[in-house]
Structure formats: C-alpha cells, structure tokens
Amino acid sequence: MRYELSESEWSVISRLLPNKPRGVPRVDDRRVLNGIFWVLRSGAPWRDLPASYGPRTTCYNRFVRWRRAGVWEHIMNALGAGHDAAIRMIDTSMVRVHQHAATIANGARQAQGRSRGGLTTKLHAVVDASGLPLKLEVTPGEAHDNRLCSALLRGLEPKAMVIADRGYDADWIRALVNQQGAWANIPPKRNCKDPICFSPHLYRARNHIERFFNRIKQCRRVATRYDKLASNYLAFMQLASIRLWLRVYEFTPLGRPGCCAMQVSIPVENLPALTCVRAVKLPSRRARRPFPRVCAAQ
C-alpha cells in the first residue's frame with residue numbers, strides 16, 4: 001500500500017528502534033510504523049486507520065509512548081548524524097490550526113496563537129546544505145521568527161555559514177553565530193546604517209529550506225494541525241523529517257554513478273555504511289561577481 005516503508009527504509013530504521021528484551025513481545029513494529037505513517041501522510045483521524053495495520057489504539061499508544069520516550073527525536077538525530085555541517089539554514093513556516101485542535105484550554109501553552117488568519121502554529125526548522133532537517137520546534141503563530149534562535153543555532157561548527165532571511169537580521173543573532181566561529185550570511189534590513197558583510201550569490205541557496213517546508217507539508221498531518229498537543233504535532237513533524245532522511249539513504253547509496261562528491265561518515269552502530277548525502281549546488285551566474293564586491297565595505 002501507499003506510504004508504507006520499503007525494504008531499504010525498514011533496514012535502516014529497524015536498527016534505531018528501542019529494544020525490549022524482557023516482558024511481553026511487542027506487536028510487529030513494521031506494521032505499527034506503517035499505520036503511523038499512513039495517518040501522517042493521509043491526515044485521517046486515528047479512528048479511520050485501516051484494519052490491515054491492526055487496532056488503532058495500538059498504533060496511537062505506540063506513537064504517544066515513543067514520543068514521550070524521545071524515540072522519534074532520537075531517530076531523526078541518528079539519521080542526521082552525517083549532515084553537512086558547513087552550511088545551516090534557518091526559517092519558519094505558518095500552519096493553520098484545525099477546529100478539532102482548537103478546543104483545548106489555554107492554547108498558548110500548546111503553541112496555538114491567534115493571528116490575522118485565525119489560530120495558527122509556527123514551524124521553526126534548521127536544515128543542512130541539502131535541505132535535510134536537523135532541528136525542529138514549534139511556537140504560537142504570532143511569535144517572532146527569531147524567538148528560538150538561541151536554541152536552534154547552538155553547536156555550530158567553526159567556519160560554518162548560517163543562511164537566513166531579513167527576519168533574523170539582529171545584532172545579537174550575528175554575535176551568537178560569531179561567538180561559535182561561524183558566519184551569518186543574513187541580508188541587512190533596508191533601514192540598516194552600519195555596513196554588514198553579505199553575499200547575495202550564496203544567499204540564493206536559501207531556497208533549499210523553502211523546499212523542505214514544501215516536502216513535509218505533503219503530509220496532511222503537518223500541513224494542517226489536527227493535534228491538540230504541541231508535542232504530538234512536533235512528533236509528526238519529526239516523523240515527516242525521518243521519512244525524508246530515509247529516502248536519502250535509499251536513493252543515494254555510496255558510490256552510485258552521478259552522486260555528488262560530498263560523502264559523509266555515519267556511525268556504524270547507528271546506520272549502514274551505504275550513504276552519501278547530496279551537497280547543495282549553488283546556482284550559477286553568467287557574470288559572477290567577485291566576493292569582495294558583494295561584501296560591504298568594512
């Protein structure tokens with residue numbers, strides 16, 4: 001059926017699932033995961049889960065328990081262990097809150113904010129040079145884009161580059177990036193008076209994070225928020241990101257003809273040594289300007 005894990009995807013994710021050596025054996029993990037991915041992709045309520053995936057309560061309870069145990073976050077971090085650390089992109093995207101999710105009391109604690117379009121939730125994401133997710137968070141819709149920068153931009157590699165739009169043009173963000181030995185390639189606001197080093201040519205690669213939001217919003221459970229709890233909605237975002245990483249490991253094996261030269265090393269205990277994360281290809285320009293010209297004068 002559609003949305004189910006392929007043999008290659010299952011061979012990767014099965015090594016990252018929690019072990020249960022004692023007690024009653026769990027129901028087939030692959031069948032339960034396929035049921036969870038079916039709900040993620042179709043956006044249907046848990047009650048509409050097809051009988052071929054087993055009882056809906058089994059899939060829902062497994063989804064919630066592993067969310068509380070941090071399994072989904074652990075899997076996403078393990079899959080992204082070999083990301084390209086040279087470039088990081090940060091951005092946000094808005095999502096409408098469905099009326100079924102708007103009935104919870106004190107929605108602000110569950111990342112539900114009221115804006116011009118009604119109740120909304122804002123997705124915060126950090127991706128690598130290929131547009132693959134590294135960190136995810138949610139806030140109410142009216143929150144500013146840079147509210148979570150101090151948490152999302154931690155652990156930058158020295159000499160790395162952070163690409164963001166004008167919403168992140170703030171002195172404290174640039175200082176946070178510079179303290180870690182990285183460079184913030186952020187376009188200055190129109191009313192900025194101090195000269196800021198900025199490369200428009202490198203900034204054109206920021207479309208990869210926009211593509212990431214478009215890909216995860218193909219999952220209807222992410223495109224519209226049906227979950228009352230912010231933690232459950234964030235778990236669905238992590239599952240959509242896991243599916244993107246699994247596709248990378250399935251379709252870009254190491255040594256495949258036409259694969260980019262950038263190769264990463266994945267811990268053997270976490271993943272099979274089969275992968276090559278595709279590097280970002282910056283768009284070419286007919287008349288490429290030298291870097292000293294696009295960099296503002298000191």
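Here are a few things to note about the model shown:
- Leading residue by the ranking (farthest from residue 94 (Cα to Cα)) among those in region 204-222 that are surrounded by fewer than 17 Cβ atoms within 10 Å (Cβ to Cβ) and not charged (D, E, K, R): 207
- When residues of region 8-44 are limited to those that are more than 25 Å from residue 220 (Cβ to Cβ) and polar (S, T, N, Q), the one surrounded by the fewest Cβ atoms within 10 Å (Cβ to Cβ): 19
- With respect to the conditions (1) modelled with pLDDT of 95 or more; (2) surrounded by 17 or more Cβ atoms within 10 Å (Cβ to Cβ), residue 64 falls short on a single one, namely (2).
- Identity of the residue in region 45-60, surrounded by 15 or more Cβ atoms within 10 Å (Cβ to Cβ) and free of Cβ contacts under 8 Å to residues at least 24 places away in the same chain, that ends up nearest to the chain's Cα centre (by Cα): 60
- All positions within region 93-102 that are over 16 Å from residue 45 (Cα atoms) and either among the aliphatic types (A, V, I, L, M) or modelled with pLDDT under 90 (or both): 94, 95
- Test for residue 246: is it assigned to a helix (DSSP H, G or I), at pLDDT below 95 and among the aliphatic types (A, V, I, L, M): yes
- Answer residue from region 1-36, given it is of a type in the set (Val, Ile, Thr) and free of Cβ contacts under 8 Å to residues at least 40 places away in the same chain and is nearest to residue 56 (Cα to Cα) among those: 32
- Among the criteria (1) farther than 17 Å from residue 88 by Cβ; (2) surrounded by fewer than 19 Cβ atoms within 10 Å (Cβ to Cβ), the one residue 120 does not fulfil is (2).
- Only residues that are touching a residue at least 24 places away in the same chain (Cβ under 8 Å) and either within 19 Å of the chain's Cα centre (by Cα) or surrounded by 12 or more Cβ atoms within 10 Å (Cβ to Cβ) (or both) were counted in region 170-187, giving 9.
- Any hit, region 194-214, residues being small (Gly, Ala, Ser) and free of Cβ contacts under 8 Å to residues at least 12 places away in the same chain: no
- Count of region 1-40 residues, restricted to those that are assigned to a loop (DSSP other than H, G, I, E, B) and either within 25 Å of residue 224 (Cβ to Cβ) or of a type outside the set (Lys, Arg) (or both), is 15.
- Some residue of region 74-95 being without any contact (Cβ under 8 Å) to a residue 24 or more places away in the chain and touching a His at 6+ places or on another chain (Cβ under 9 Å): no
- Entirely in region 41-133, the strands (runs of 3 or more DSSP E) that have 2 or more residues that are charged (D, E, K, R) and closer than 29 Å to residue 150 by Cβ: 87-97
The values are calculated or read from the model by the stated rules, or taken from the named source; none is laboratory data. What you see is a predicted model, and the numbers here were worked out from it, not measured in a lab. Virtual Cβ from ideal backbone geometry, glycine too; neighbours counted across all protein chains shown.
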